[in-house]
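Chemist: Quick one: the structure is below, and I'll ask about it shortly.
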Amino acid sequence: MNDIAQRQSPLHRRSKGGYRWEGVDCLPYKEDEQARFKAISRQVLFSDPALAAELRFFEVAPGGFSSLERHQHAHAVFILRGRGQCLIGREVRRLEPHDLVTVPPGTWHQFRAASDEPLGFLCMVNVDRDRPQLPCDDDLSNLQADPRIAAFLGNAAEKV
Ligand code: MN
């Protein structure tokens, strides 16, 4: 077996259209009763030990959102489809296709789709990474003290 054959990923995965790819499982996130995330799916497109990175495609359904979290690893995000908003640290930003977002280490972040459009994005991340930390009550109060962040988090924050 040569080096190429030992790699986990095949050399070419064809797009099946609709933001799906051959041989890539689409894993719907379960919505937990605490609504830490809602209506989001994950596909791992590349995971290569030689690169030490993974490239994932997340799709947030209209009105859905990712976990509000922080961790020591960083994210590099490329918006592929749809519209929405993100919280990065204390910044709330509108997102459009082809925007780029960097999430630095230790920075609170969340992605939310618009109410009438999905939000699909590529996310590059380390293969080896620390577990996300969720906000405690004090963290949430601190974030919500900013009215723009409170508006961004909306009702979902109350359930975390
Ligand atoms: Mn994250």
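Chemist: Between D138 and R81, how high is the FRET efficiency from 1/(1 + (r/R0)^6) when r is the Cβ-Cβ distance and R₀ = 45 Å? Nearest 0.05.
Modeler: Computed FRET efficiency for D138 and R81: 0.80.
Chemist: Ok, one more. Amide H of R83: which non-local residues (sequence gap of 5 or more, or other chain) have their own amide H closer than 5 Å, using H built in the peptide plane?
Modeler: Placed amide hydrogens put A114 under 5 Å from R83.
Chemist: Quick query: amide H of W21 versus all other amide H atoms, modeled in the peptide plane; which residues come in under 5 Å with a sequence gap of 5 or more or a different chain?
Modeler: Amide H neighbours of W21, under 5 Å, 5+ apart: K16.
Chemist: Read phi for every residue in the stretch 94-109 and hand back ³J(HN,Hα) as whole Hz from Karplus 6.51 cos²θ - 1.76 cosθ + 1.60, θ = phi - 60°, with x for Gly and Pro.
Modeler: 6, 10, 10, x, 6, 5, 10, 10, 10, 9, x, x, x, 10, 4, 8
Chemist: Next question, about the same structure. From the mean inverse distance of alpha carbon pairs (Kirkwood) and the Cα radius of gyration, derive Rg over Rh for the stretch 19-110.
Modeler: 0.95
Chemist: Choose one of L27, H12, L51: the residue whose Cα lies farthest towards the positive end of the charge dipole of the chain (beta-carbon charges +1 Lys, Arg; -1 Asp, Glu; about the Cα centre).
Modeler: H12
Chemist: Something else now. Stick to Cα atoms and the Kirkwood definition of Rh, then tell me Rg/Rh for the chain.
Modeler: My calculation of the ratio gives 0.99.
Chemist: How many percent of the accessible area of the chain is carbon or sulfur, using a 1.4 Å probe?
Modeler: In the chain, the share of accessible area belonging to carbon and sulfur is 48 percent.
Chemist: Follow-up. Per the helix-only calculation at 222 nm, which mean residue ellipticity applies to the chain, given -39500 (n - 2.57) for every DSSP H run of n ≥ 4 and division by its residues, nearest 500 deg cm²/dmol?
Modeler: Numbers: 4 runs with 23 residues, N = 160.
-3000 deg cm²/dmol, from helical runs alone.
Chemist: Could you tell me the accessible area of R56 in Å² (1.4 Å probe, neighbours in place), rounded to the nearest ten?
Modeler: Using a 1.4 Å probe on the heavy atoms, I get roughly 20 Å².
Chemist: Could you give the nm distance between label points at Y19 and L51, where each point is 7 Å from its Cα heading toward the beta carbon?
Modeler: My value for the distance between the label points is 1.9 nm.
Chemist: Quick check for you: with a 1.4 Å probe and neighbouring chains kept, what is the accessible area per residue of the stretch 1-153, in Å²? Can you show the working numbers first?
Modeler: Numbers: 9000 Å² over 153 residues.
Per residue, the stretch 1-153 has an accessible area of 59 Å².
Chemist: What residue among S47, S66, S141 shows peak mean-square fluctuation when the chain is described by a Gaussian network model with Cα springs under 10 Å?
Modeler: Highest fluctuation of the listed residues: S141.
Chemist: Starting from 0.36 nm per residue, how many nanometres of slack lie between V127 and Q72 once their C-alpha separation is accounted for?
Modeler: 18.5 nm
The values are calculated or read from the model by the stated rules, or taken from the named source; none is laboratory data. Keep in mind that what you see is a predicted model, and the values were worked out from it rather than measured. Using ideal geometry, Cβ is built from the backbone for each residue, glycine included, and neighbour counts are taken over all protein chains shown. Ligands, DNA and RNA are stripped out before the accessible areas are found, and what is left, the full protein with its side chains, is counted by its heavy atoms. Shrake-Rupley method; radii C 1.70, N 1.55, O 1.52, S 1.80 Å.
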